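The values are calculated or read from the model by the stated rules, or taken from the named source; none is laboratory data. Computed from a predicted structure; not experimentally measured. Cβ sites come from the backbone with ideal geometry, for glycine too, and all protein chains shown count toward neighbours. Keep in mind that these areas ignore ligands, DNA and RNA; they rest on the heavy atoms of the full protein, side chains included. Shrake-Rupley method; radii C 1.70, N 1.55, O 1.52, S 1.80 Å.
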Amino acid sequence: VCLFVCLFVCFFGFFFFCISVRVPYFIDLKRPQDQGLNHTCNYYLQPEEDVTIGVWHTVPAALWKNARGKDQLWFEDALGSSHPVILYLHGNAGTR
């Protein structure tokens, strides 16, 4: 019975959260501008060795027009602005 419960919990979590399914398909998450997010830049955080987290930095709406066509250095400078930074953590299948 104990083995059954352990297996059930593992399989339930696997199928319920669909951790092996990546939707939408064929999207390059390194290029958020391809998804119409022209005010967004791709970064990677490495909180510990062998762990890499892909993140997007989206500037506040007041800076959207200024962000169009800018490089990564511009986005890094924007992080130092007086606007608050909000971390929105989501995704469980590498989909951000």
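In the set R96, R68, only one residue is open to solvent by 60 Å² or more (accessible area, probe 1.4 Å), closer than 19 Å to R31 by Cα and at pLDDT below 85; that residue is R68.
Apart from one condition, A61 fits all of (1) out of contact with any helix residue (DSSP H, G or I) (no Cβ under 8 Å at 6 or more places or on another chain); (2) surrounded by 11 or more Cβ atoms within 10 Å (Cβ to Cβ); the exception is (2).
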